[in-house]
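Reading through the structure tokens given below for one structure.
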Amino acid sequence: MDCQPSHGWLVYNWLKFNQFCLLCDESAEQPYPLCAACEAELPWLIERCRRCALPMPMDGLLCGQCVRRAPPFTQVEAPWHYGFPVDSLISRFKHNARWPLGRLLGELLGQWLLARFDDGLARPDCLVPVPMGRKRLRQRGFNQAALLARWLAPQLALPVDEQLLLRPIETRAQQDLDARQRQRNLLQAFALAPRPRVQGRHVALVDDVMTTGATARALAQLLLRAGAARVDVYCLARTPKPGAP
């Protein structure tokens, strides 16, 4: 059963209409519905860990966790830290089915990734959305990671494999748990599809927000054990360390 919305008609085609900013309602004067002033005010993630993108006081360093235990993924790419108004936009996209907001964020994420590819970031062989359990998929009606991957695919000229990763075991919502609970919660929660085509491939996981990185670690380990050559993570936002300003 495919619970994903037919977003071709749910999400309007921006380029065919005069654009108005989705944040301030003023004329956007850009090929997407966000004015330059509001775009500049987004919480851009500049100073970050060069491996997991954790917000840090300086750019180009490794965070303490990556120094102590190198993650199985190679690179996390996230344009923003999880702060206002990006946190509100993501929440409305996920929980209120505001697909135009998700489409806008996906467009900007695609632009970010294209710039990073120009700077030397290795292009993956395919995009793979983080899977959602069947019960939660029925409740929400769509998997926001899958929608983001579908929107990114034509912009980045990359294929999407939505069947590669499975989530056969229902788990508690990750946002309700601390870091240690998240790791326990994900034990054996994921699986690969039968006869997965990952041997020697560079896979990019797609998700909306990266918090502790427990989900990304679990999926990257699963893919690397199956023979993937490299796993990166593309997401909209990265949360700061608990207690950080």
List pairs: first in the stretch 47-75 and under 15 Å from residue 233 (Cα atoms), second surrounded by 14 or more Cβ atoms within 10 Å (Cβ to Cβ) and of a type in the set (Ser, Thr, Tyr), Cβ under 9 Å, 6+ apart or cross-chain? 51/74; 54/239
Among the residues of the stretch 42-53, is any out of contact with any His (no Cβ under 7 Å at 6 or more places or on another chain), under 18 Å from residue 231 (Cβ atoms) and of a type in the set (A, V, I, L, M)? yes
Any hit, the stretch 120-127, residues being within 21 Å of residue 75 (Cβ to Cβ), crowded, with 17+ Cβ neighbours inside 10 Å, under 13 Å from the mean Cα position of the chain (by Cα) and modelled with pLDDT of 95 or more: yes
How many of the residues making up the stretch 95-146 are among the aliphatic types (A, V, I, L, M), under 17 Å from residue 237 (Cβ atoms) and in contact with a strand residue (DSSP E or B) (Cβ under 8 Å, 6 or more places away or on another chain)? 5
Exclusive hit being at pLDDT below 95, under 23 Å from residue 93 (Cβ atoms) and not basic (Lys, Arg), set 42, 22: 22
State which residue pairs qualify: first residue farther than 18 Å from residue 108 by Cα and of a type in the set (Gly, Ala, Ser) and inside the stretch 229-245, second residue assigned to a loop (DSSP other than H, G, I, E, B) and at pLDDT 90 or above in any location, beta carbons under 7 Å apart, and separation of 6 or more residues or different chains. 229/200; 229/201
Quick one: residue 238 ticks every box in (1) more than 14 Å from residue 53 (Cβ to Cβ); (2) out of contact with any helix residue (DSSP H, G or I) (no Cβ under 9 Å at 6 or more places or on another chain) except a single one, so which number is it? (1)
Return yes or no: is residue 33 in contact (Cβ under 8 Å) with a residue 40 or more places away in the chain and under 20 Å from residue 207 (Cα atoms)? no
For helices (runs of 4 or more DSSP H) lying entirely in the stretch 130-224, having 3 or more residues that are at pLDDT below 95 picks out 134-140, 179-185
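The values are calculated or read from the model by the stated rules, or taken from the named source; none is laboratory data. Every value quoted in this text rests on a predicted model; they were computed, and no experiment measured them. Cβ sites come from the backbone with ideal geometry, for glycine too, and all protein chains shown count toward neighbours.
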